[in-house]
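Asker: Submitted below is the structure of interest, expressed as structure tokens.
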Amino acid sequence: MVNKSIKKSDAGETVAIIALTAVEMRDRIASGELTALRVAEAFIAQIAIREPEVQAFAWFDPDFLRFQAQEADRYRGTGRPLGSLHGLPVAVKDIIDTAKIPTENGAKLDKGRVPTKDAVVVARLRKAGALILGKTVTTELAYLTPSKTKNPHNLAHTPGGSSSGSAAAVAAFMAPLAIGTQTGGSIIRPASYCGVVGYKPSFGAIARTGILPQSHSLDTVGVFAKTTQDAALLAEVLFGYDAEDPQSVVQPSAPLLSLSRSRPPIKPTFAFLKPRGWDEADPILIEAFEALSQELGVQCFEFELPPAIYNGLGWREMINHAEMARAYFRYGQHSDLLGAETQDALAKGNAVLARDYLSALDWANALGTGLETIFERADVILSPAATGPAPLGHASTGSAIFNGLWTLIGTPAITLPLLETPQGLPMGVQLIGPKHLDGRLLRAANWLTDWASEQLHSGAQND
């Protein structure tokens, strides 16, 4: 995929720029080796090539991106301190409010909507010196109705949902970084399908103020990037308490980038989980994960979750539907303008009894304690990010059965593009860590990526 994007892009410097990691790009802008405007022009050129077929953007204005870049370069010329994202373009999912920039939530009813105020995460981007690259396509109201976006690795396959545009933009080298959200599997699954890093932090780590609410007990902001360190760079800026989000967590600043770069004191231990639905997963995925666990040797052991914990999959769905029916009440009054998937979810939500909803919340809050024993034995849980590669066709966004439980419990999760099918379709390796120990998860993810690269290099030499 990298080669395909690069061959289609402009030759020379533009190719070299879009191939950089975000950390490398940030450092070269800070040193003066690159200007923010040159970086912006490189991505404008790449978008001109890939966007007509991938369709990852709901809104993109090259002149606005150039203006921001020119302002960033002027600021750098003053000699004042630079933000940690200075000059870096970041794509933003189209359910996240951006002042004076359309935010239409993937919904016909919100066509032409232009917020007057930035969401908290966008304000933090701007404060850190980032450039708002554009608004990425979301499925309708961030639910299951498929979007127009195509998978950059093979246009005939789904990119996943609901953060389809954000994942596809990074995969097609149209953005170095992007922001998305997850209520079921909407960061981890599209990242897996599109072959990029997708990181869903611990619940409450990133404030959701100014973002379309679907389920206040589940909605989680996350990021897409090329590498674990890039994901850590962006997430570190977004972390932080906000009083307007009742689920926002008060905690010390998290040095995610430095933690992700650090060497573990000892090699990480991985607890390999074959989750519910494993038997229905693609045989290619099953074979790849069993081989991976064997290659890790004594650093990996297999375990099973108590069967009762999988009740959480049903509770997550009930909570999602009930809270969605409340949050989307005004949309439900115009159901003829909604897709069948959204209509069905609202109908299910309206049918949930209060006692069942409250009971599901009680049980969900207790599920996390069931993981304490496993995290005493292992640094992270290793499991598939999806049931296989991206499905053929665009009638569905794929299954989130391997993601929803972790969203419900609120544990951090990351998917790494380490596996692929013989046809070149990516399959993500999902790692799950203890709640609010995101740095530990990122460090293990970075270690596993380096280890996999060494294994691949060693295998190539042996061949």
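Asker: Among the numbered criteria (1) in a strand (DSSP E or B); (2) free of Cβ contacts under 8 Å to residues at least 40 places away in the same chain; (3) surrounded by 14 or more Cβ atoms within 10 Å (Cβ to Cβ), which single criterion is violated by ALA271?
Answerer: Among (1) in a strand (DSSP E or B); (2) free of Cβ contacts under 8 Å to residues at least 40 places away in the same chain; (3) surrounded by 14 or more Cβ atoms within 10 Å (Cβ to Cβ), ALA271 violates only (2).
Asker: Restricting attention to region 211-268, which residues are of a type in the set (Ser, Thr, Tyr), under 30 Å from ILE18 (Cβ atoms) and in contact (Cβ under 8 Å) with a residue 24 or more places away in the chain?
Answerer: THR220, THR227, THR228, SER260, SER262 - these are the residues of region 211-268 that are of a type in the set (Ser, Thr, Tyr), under 30 Å from ILE18 (Cβ atoms) and in contact (Cβ under 8 Å) with a residue 24 or more places away in the chain.
Asker: Shifting gears a bit: Does VAL237 count as at pLDDT 95 or above, assigned by TED's automatic domain parsing to the domain that holds ARG124, assigned to a helix (DSSP H, G or I) and of a type outside the set (Phe, Trp, Tyr)?
Answerer: yes
Asker: A further question follows. Scan ILE29, ILE17, ILE95 and give me the residue that is without any contact (Cβ under 8 Å) to a residue 40 or more places away in the chain, crowded, with 21+ Cβ neighbours inside 10 Å and touching a helix residue (DSSP H, G or I) at 6+ places or on another chain (Cβ under 7 Å).
Answerer: Details: ILE29 fails: without any contact (Cβ under 8 Å) to a residue 40 or more places away in the chain; ILE95 fails: without any contact (Cβ under 8 Å) to a residue 40 or more places away in the chain.
Going through ILE29, ILE17, ILE95 in turn, just one is without any contact (Cβ under 8 Å) to a residue 40 or more places away in the chain, crowded, with 21+ Cβ neighbours inside 10 Å and touching a helix residue (DSSP H, G or I) at 6+ places or on another chain (Cβ under 7 Å): ILE17.
Asker: Scan SER359, SER399 and give me the residue that is part of a loop (DSSP other than H, G, I, E, B) and surrounded by fewer than 23 Cβ atoms within 10 Å (Cβ to Cβ).
Answerer: Numbers: SER359 fails: part of a loop (DSSP other than H, G, I, E, B).
Result: SER399 is the single residue among SER359, SER399 that is part of a loop (DSSP other than H, G, I, E, B) and surrounded by fewer than 23 Cβ atoms within 10 Å (Cβ to Cβ).
Asker: Residues ARG208, ARG189: which one is touching a helix residue (DSSP H, G or I) at 6+ places or on another chain (Cβ under 8 Å), in contact (Cβ under 8 Å) with a residue 12 or more places away in the chain and not assigned by TED's automatic domain parsing to the domain that holds LEU361? Before the answer, list the steps.
Answerer: Details: ARG189 fails: touching a helix residue (DSSP H, G or I) at 6+ places or on another chain (Cβ under 8 Å).
Of the residues listed, the single one that is touching a helix residue (DSSP H, G or I) at 6+ places or on another chain (Cβ under 8 Å), in contact (Cβ under 8 Å) with a residue 12 or more places away in the chain and not assigned by TED's automatic domain parsing to the domain that holds LEU361 is ARG208.
Asker: For region 33-63, give me each residue that is free of Cβ contacts under 8 Å to residues at least 12 places away in the same chain and either buried (at least 17 other Cβ atoms within 10 Å of the Cβ) or over 22 Å from LEU155 (Cβ atoms) (or both).
Answerer: GLU33, ASP63 - these are the residues of region 33-63 that are free of Cβ contacts under 8 Å to residues at least 12 places away in the same chain and either buried (at least 17 other Cβ atoms within 10 Å of the Cβ) or over 22 Å from LEU155 (Cβ atoms) (or both).
Asker: Here's another thing I want to ask about it. Go through (1) surrounded by fewer than 17 Cβ atoms within 10 Å (Cβ to Cβ); (2) more than 30 Å from GLY424 (Cβ to Cβ); (3) charged (D, E, K, R) and name the single condition LYS148 misses.
Answerer: LYS148 satisfies all of (1) surrounded by fewer than 17 Cβ atoms within 10 Å (Cβ to Cβ); (2) more than 30 Å from GLY424 (Cβ to Cβ); (3) charged (D, E, K, R) except (2).
Asker: From the list ALA91, ALA69, which one is within 24 Å of ALA235 (Cα to Cα), assigned to a helix (DSSP H, G or I), assigned by TED's automatic domain parsing to the domain that holds GLY222 and not hydroxyl-bearing (Ser, Thr, Tyr)?
Answerer: Step by step, each of ALA91, ALA69 is checked, and only ALA69 is within 24 Å of ALA235 (Cα to Cα), assigned to a helix (DSSP H, G or I), assigned by TED's automatic domain parsing to the domain that holds GLY222 and not hydroxyl-bearing (Ser, Thr, Tyr).
Asker: Can you give me the ranges of the helices (runs of 4 or more DSSP H) entirely in region 1-65 with at least 3 residues that are assigned by TED's automatic domain parsing to the domain that holds VAL114, at pLDDT below 95 and not aromatic (Phe, Trp, Tyr)? If you could, list the steps in order and put the result at the bottom.
Answerer: Working: elements: 2-8, 13-18, 22-31, 36-54.
Qualifying helices (runs of 4 or more DSSP H): 2-8, 13-18.
Asker: So how many residues does region 286-338 have that are under 28 Å from LEU448 (Cα atoms), surrounded by 15 or more Cβ atoms within 10 Å (Cβ to Cβ) and among the polar types (S, T, N, Q)?
Answerer: Final tally of qualifying residues: 2.
Asker: Output the residue which, of all residues in region 424-461 that are of a type in the set (S, T, N, Q) and in contact (Cβ under 8 Å) with a residue 40 or more places away in the chain, is surrounded by the fewest Cβ atoms within 10 Å (Cβ to Cβ). Lay out the reasoning, then the answer.
Answerer: Pass one, region 424-461, residues of a type in the set (S, T, N, Q): 430, 446, 449, 453, 455, 458, 461.
Narrowing the set further to residues that are in contact (Cβ under 8 Å) with a residue 40 or more places away in the chain leaves 430, 446, 449, 455.
Numbers: GLN430: 28, ASN446: 24, THR449: 18, GLN455: 14.
Once the filter is applied, the top-ranked residue is GLN455.
Asker: Tell me the residue from LEU133, LEU218, LEU141 that is out of contact with any Pro (no Cβ under 8 Å at 6 or more places or on another chain), outside any loop (DSSP other than H, G, I, E, B) and either among the hydroxyl-bearing types (Ser, Thr, Tyr) or not assigned by TED's automatic domain parsing to the domain that holds GLU341 (or both), please. Steps first, please.
Answerer: Numbers: LEU133 fails: out of contact with any Pro (no Cβ under 8 Å at 6 or more places or on another chain); LEU218 fails: outside any loop (DSSP other than H, G, I, E, B).
From the options LEU133, LEU218, LEU141, the qualifying one is LEU141.
Asker: Restricting attention to region 144-177, which residues are in a helix (DSSP H, G or I) and of a type in the set (Val, Ile, Thr)?
Answerer: Scanning region 144-177 gives a single hit, VAL170.
Asker: Looking at region 292-308, I want the residues that are assigned to a helix (DSSP H, G or I) and have a partner that is of a type in the set (Val, Ile, Thr) with Cβ atoms under 6 Å, at least 6 apart or on another chain. Which pairs are those?
Answerer: GLN299/THR269
Asker: Something else now. Counting only residues that are in contact (Cβ under 8 Å) with a residue 24 or more places away in the chain and over 25 Å from the mean Cα position of the chain (by Cα), how many does region 70-86 have?
Answerer: 6
Asker: Go through the residues of region 107-128 one by one and say whether even a single one is in a loop (DSSP other than H, G, I, E, B), crowded, with 24+ Cβ neighbours inside 10 Å and without any contact (Cβ under 8 Å) to a residue 60 or more places away in the chain.
Answerer: no
Asker: Would a scan of region 409-418 turn up a residue that is in a loop (DSSP other than H, G, I, E, B), farther than 30 Å from ALA360 by Cβ and out of contact with any helix residue (DSSP H, G or I) (no Cβ under 7 Å at 6 or more places or on another chain)?
Answerer: no
The values are calculated or read from the model by the stated rules, or taken from the named source; none is laboratory data. All values reported here derive from a predicted model rather than from experimental measurement. With ideal geometry, Cβ positions are generated from the backbone for all residues, glycine too; neighbour counts draw on all protein chains shown.
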